[in-house]
Amino acid sequence: MQLTEKHREYWSRNLNLTAVLLGIWFVVTFVVIWFARELNEIVIAGFPFAFYMGAQGALIIYVVVIWFYAKRMNEMDLEYGVHEGDD
Amino acid sequence: MSAPVSSNMAFFNQLKKYYTFYTGGFIAFVIILAILEQMGLPPKIIGYIFLAATILLYAGIGVMSKTADVSEYYVAGRRVPALFNGMATGADWMSAASFIGMAGTLYLTGYDGLAFVMGWTGGYVLVALFLAPYLRKFGQFTIPDFLGARYGGHLPRSIGVLAAIICSFTYVIAQIYGVGLITSRFTGLEFGVGVYVGLAGILVCSFLGGMRAVTWTQVAQYIILIVAYMIPVVWLSVNITGNPIPQIAYGQALSGVTAKEKELNDPKSVLGAAELTVRAIHKEKAAEWGEKLKALDEAVKAGNGAAFHAEQKAKVAQKLADLKAAPAPDEKAIKGATKDLDTFPADVTALKAKWKGAETGAKGKAGAVPAHAAAFSGKGAEKKLMKEAAEKGETPAPEAVAKAKAEDEKVSNSKRLNFIALVLCLMVGTASLPHILMRYYTTPSVRDARKSVFWSLFFIFLLYFTAPALAVLAKYEVYHHLVGSSFASLPAWVSNWSAVNATLMKIVDMNKDGLVQLAEITIGGDLIVLATPEIAGLPYVISGLVAAGGLAAALSTADGLLLTIANALSHDVYYKMIDPNASTIRRLTVSKVLLLIVAILAAYVTSLKPGDILFLVGAAFSLAASAFFPALVLGVFWKRANYVGAVVGMTAGLGLCMYYMYQTYEFFGVLAPLWFDIKPISAGVFGLAAGFVGVIVGSLISPAPNKEIQELVDHCRYPNLEGDINTNAA
């Protein structure tokens with residue numbers, strides 16, 4: 001089994017995507033928590049911002065992050081010809 | 001490797017048909033019961049029918065899915081479509097703690113409770129990015145399988161087995177406890193009996209059909225639990241805000257709650273002034289408990305702990321005797337005193353814990369109402385100082401103000417640090433618990449594994465982003481309709497629950513003004529979900545539905561966990577290490593016998609009621625995070641990671657985590673000082689760090705892994721390679 005340049009490119013693009021999405025995960029989770037006291041001063045539609053992020057905002061972003069990763073990787077499998085057989 | 005498109009599609013359509021039909025049937029069943037209730041069927045019978053019908057249903061699916069095929073037994077034949085695997089994972093994941101406890105925790109702790117909401121959802125990002133697709137490509141049966149193949153030798157596999165058993169067993173005890181609690185509450189059986197009845201329900205699902213049966217019952221259980229959770233919340237939301245989407249509507253309710261908090265804390269308002277009188281009573285009580293605790297501590301210091309305990313117990317006994325000897329015995333008081341004597345703590349340490357709890361409770365109620373949405377509130381030293389100074393009519397010295405400010409900030413920062421540590425442990429623990437990771441072995445392909453993580457989190461998300469809304473809506477109801485109402489005409493749900501269980505709902509007119517003040521109400525967290533149907537004015541049948549939902553949540557998680565333990569023992573220990581030539585029938589028989597033994601052992605341990613449930617759950621996450629995460633992730637992302645690294649990292653991570661818990665958790669009685677103020681529930685942060693350092697250092701000081709292992713890593717990284725090896729276990 002010999003890996004080609006194309007294979008290496010697939011893997012490094014996967015790593016980049018993983019790093020970017022992990023960065024988003026980190027910001028909406030830990031950065032928001034760190035500044036929660038300050039961010040709670042901002043109130044939108046009755047919700048203090050940090051409270052809203054913890055209760056719902058971050059959760060929505062997690063779902064979107066995972067959806068995007070699955071979509072992008074499944075496309076990339078086809079693009080680089082490493083997709084599985086029939087389905 | 002994967003079945004042709006047409007057959008997978010046909011299977012998917014067939015499943016969709018079955019489960020649509022099932023959901024319709026279930027709703028019809030609820031409606032029929034509702035009609036019967038209107039015709040006069042008593043609530044107790046409704047409770048029985050609900051529990052019996054759902055357990056029979058799960059048993060039916062279990063029997064229909066019985067199998068003697070190894071791949072069907074361990075990984076449901078690897079043909080579970082992404083969507084259905086998502087539902088099964090959702091049920092597997094959401095335990096009694098999520099279903100019943102979560103909204104209550106949020107009610108009681110506000111922002112600080114959100115650590116659980118974020119931690120238990122954000123972990124799936126790690127599952128998606130670091131584990132699920134790679135484990136699916138590897139495609140065997142258990143998590144120790146991966147450790148064994150990636151790092152070679154029996155040792156990494158054995159440590160994996162040990163860790164899987166430790167964390168799954170800790171977690172399963174919490175689940176069986178939940179099963180016992182629900183069964184006993186809704187049928188009136190003893191807790192111990194409830195545990196074994198629930199256990200029977202768990203076993204019928206997993207015993208005959210292994211993963212295959214568990215998967216299809218979990219899908220059915222997910223449907224029940226999500227319907228049961230949503231109906232009462234939507235109804236409550238319509239009642240309070242007029243908007244049927246609680247997740248949006250509760251912003252309005254939150255503003256209402258915040259305004260009320262301010263009013264209750266304002267001594268110039270009518271409500272605020274009334275609160276102050278009750279708080280003063282609590283303050284006195286707290287001082288009384290403080291005195292008692294001081295006496296206890298002195299007795300212990302003097303070595304008279306046992307004598308002190310006996311003396312206190314004698315006092316309670318004397319009180320009971322006096323009551324009985326009175327000319328006109330007061331039945332209610334005698335009953336109360338008998339219970340006090342029966343439940344009197346067994347030794348002086350337990351007595352201290354009980355008194356300490358009473359003191360903390362009274363102290364908490366003596367203070368101002370905390371703001372629901374406020375993050376990491378300090379201890380209020382600055383406010384207290386300003387208030388005292390204002391009463392005396394002087395301005396406090398700037399140094400004193402600065403000191404109080406610093407004190408507040410220190411408490412607040414420590415809360416923030418613990419919040420972050422807990423979120424991290426729960427997230428990484430989610431991405432390490434073997435019973436969850438195992439589920440991604442059951443999809444038909446890597447592609448489906450990725451999609452399946454999305455569906456898993458989506459289905460979990462539906463419940464988790466509703467819980468904060470429920471907490472706020474319930475708080476709105478209590479603050480606006482219960483507080484300030486008259487003791488003569490309490491809402492029905494309040495009198496019902498306070499009569500049933502005083503730990504869930506207790507309400508006493510302490511200042512004898514005939515009106516309810518917030519500080520006179522004590523609410524147990526579990527009440528919120530259990531009482532929502534009644535608060536919203538729904539018929540009893542919905543309460544039965546909620547009980548069935550809670551039972552589904554606890555049963556499905558317990559099933560997944562028991563199967564993980566039994567598989568680790570039968571597949572990894574028996575088949576891979578003891579007898580690799582065992583026949584299929586023998587392997588499955590061994591697995592089933594072990595399942596039975598583990599289940600009975602777990603039920604036995606549960607009936608002893610060990611420790612605090614929330615701590616058990618947290619501990620399972622910390623342990624899993626420390627033991628598995630570094631070795632699993634580096635195994636895929638770092639080719640250089642090797643045998644020595646894995647052994648050192650896993651041992652160090654698990655060891656340090658257990659050591660810290662032993663040193664600091666009060667149950668073990670050592671009570672060593674905390675490191676960086678981190679509470680024992682988050683011991684995983686230290687274990688995780690030790691695990692990563694261990695794997696990296698251990699790998700670098702020993703030779704790189706051989707070519708075959710490097711090829712295995714590439715094999716896991718690419719969904720399909722030309723001339724690829726095949727690691728799928730059949």
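Every read-out reported here was derived from the displayed coordinates using simple, explicitly stated rules and does not represent laboratory data. In this text the structure is predicted, and so the values were computed from the model without any measurement. Heads up, the Cβs are rebuilt from the backbone with ideal geometry, glycines too, and the neighbour counts pull from every protein chain shown.
Remark: mean inter-chain Cβ contacts per residue of B:122-134 equal 5, using a 10 Å Cβ-Cβ cutoff to other protein chain atoms. Here's the list of lysines a cross-link from B:Lys332 could span, going by alpha-carbon distance under 18 Å and ignoring same-chain residues fewer than 8 apart: B:Lys319, B:Lys324, B:Lys506. Over the Cα atoms of the protein assembly as shown, each weighted equally, I'd like the Debye log10 I(q)/I(0) at q = 0.05, 0.07, 0.08, 0.09 Å⁻¹, rounded to two decimals. Those come out to -0.28, -0.56, -0.73, -0.92, one per q.
Sorted on the mean count of surrounding Cβ atoms within 10 Å across their residues, most packed first, peptides B:303-315, A:49-61 read A:49-61, B:303-315. Hydrodynamic radius of region A:48-87 by the Kirkwood approach over all distinct alpha-carbon pairs: 12.0 Å. For region A:1-74, the Cβ-based charge dipole about the Cα centre amounts to some 300 debye (Lys, Arg positive; Asp, Glu negative; other atoms uncharged). Compactness of region B:317-447 was expressed as the Cα radius of gyration divided by 2.2 N^0.38 Å, which yields 1.84. Relative to the longest principal axis of the Cα atoms of chain B, the long axis of helix B:613-637 makes an angle of roughly 30 degrees. Would you mind counting up the charge near B:Val80? Only other residues with Cβ under 10 Å from its Cβ, with Lys and Arg at +1 and Asp and Glu at -1. Residues near B:Val80 contribute +3 overall.
Each Cα pair under 8 Å and six or more residues apart adds its sequence gap; the mean of these over the residue count of chain B is a relative contact order of 28 percent. Tell me the angle of helix A:5-26 to the major Cα principal axis of chain A, expressed in degrees between 0 and 90 and rounded to the nearest ten. Helix A:5-26 sits at roughly 10 degrees to that axis. Counted over chain A with a bin width of 10 Å, the fraction of Cα pairs per bin, in whole percents, is 15, 34, 23, 16, 10, 2.
Computed 3J(HN,Hα) for region B:108-124, one whole-Hz value per residue from the Karplus formula 6.51 cos²θ - 1.76 cosθ + 1.60 where θ = phi - 60°, is 6, 10, x, 4, 4, x, 5, 3, 6, 4, 5, x, 7, 10, x, x, 5, glycine and proline marked x. Counting only other chain Cβ atoms within 10 Å of each residue's Cβ, the peptide B:446-452 averages 5.
Counting only Cβ charges, +1 for Lys and Arg and -1 for Asp and Glu, the dipole size of chain B around its Cα centre is about 900 debye. If you take all other residues with their beta carbon under 12 Å from the beta carbon of B:Glu388, and give Lys and Arg +1 and Asp and Glu -1, the sum is +1.
For B:Lys403, the aspartates and glutamates whose Cα comes closer than 12 Å to its Cα, not counting residues fewer than 8 places off in the same chain, are B:Glu382. Protection proxy ranking for B:276-283, B:537-544, using the average of other Cβ atoms within 10 Å per residue and placing the highest first: B:537-544, B:276-283. On a 0 to 90 degree scale, rounded to 10, what angle separates helix B:348-366 from the longest Cα axis of chain B? That helix lies at roughly 70 degrees to the long axis. When region A:48-87 is described by a simple charge dipole with +1 on each Lys and Arg Cβ and -1 on each Asp and Glu Cβ, the residue from A:Val63, A:Ala50, A:Asn74 located farthest towards its positive end is A:Ala50. Expressed per residue, the C-alpha convex hull volume of region B:271-383 stands at 168 Å³. Straight-line reach from B:Lys16: taking Cα to Cα under 28 Å and skipping same-chain neighbours fewer than 8 places apart, the lysines in range are A:Lys71, B:Lys66, B:Lys137, B:Lys451.
Here the simple spin-label model places points 7 Å from the Cα toward Cβ, and for B:Asp330 and B:Ser495 these points are separated by 2.1 nm.
For region B:381-539, the fraction of C-alpha pairs farther apart than 27 angstrom is 59 percent. Using 32 Å as the Cα-Cα cut-off, could you pick out the over-long pairs in B:Lys315/B:Lys383; B:Lys262/B:Lys352; B:Lys392/B:Lys512; B:Lys301/B:Lys363; B:Lys315/B:Lys379? Violating the 32 Å limit, Cα to Cα: B:Lys315/B:Lys383; B:Lys262/B:Lys352; B:Lys315/B:Lys379. In the frame of its principal axes, chain B has Cα extents of 85, 68, 52 Å, reported largest first.
Plugging the Kirkwood radius over Cα pairs into Stokes-Einstein for region B:74-166, at a temperature of 4 °C and a viscosity of 1.567 mPa s, what D comes out in µm²/s? Translational D for this selection: 82 µm²/s.
Here the dipole of the protein assembly as shown is about 520 debye; that uses its Cα centre as origin and unit charges on the Cβ of Lys and Arg (positive) and Asp and Glu (negative).
Using the empirical formula 2.2 N^0.38 Å as the baseline, the Cα radius of gyration of region B:596-712 reaches a ratio of 1.28.
Taking only DSSP H segments of four or more residues, each worth -39500 (n - 2.57), what value at 222 nm results for chain B once the sum is divided by all its residues, to the nearest 500 deg cm²/dmol? So the helix-based figure for chain B works out to -24500 deg cm²/dmol.
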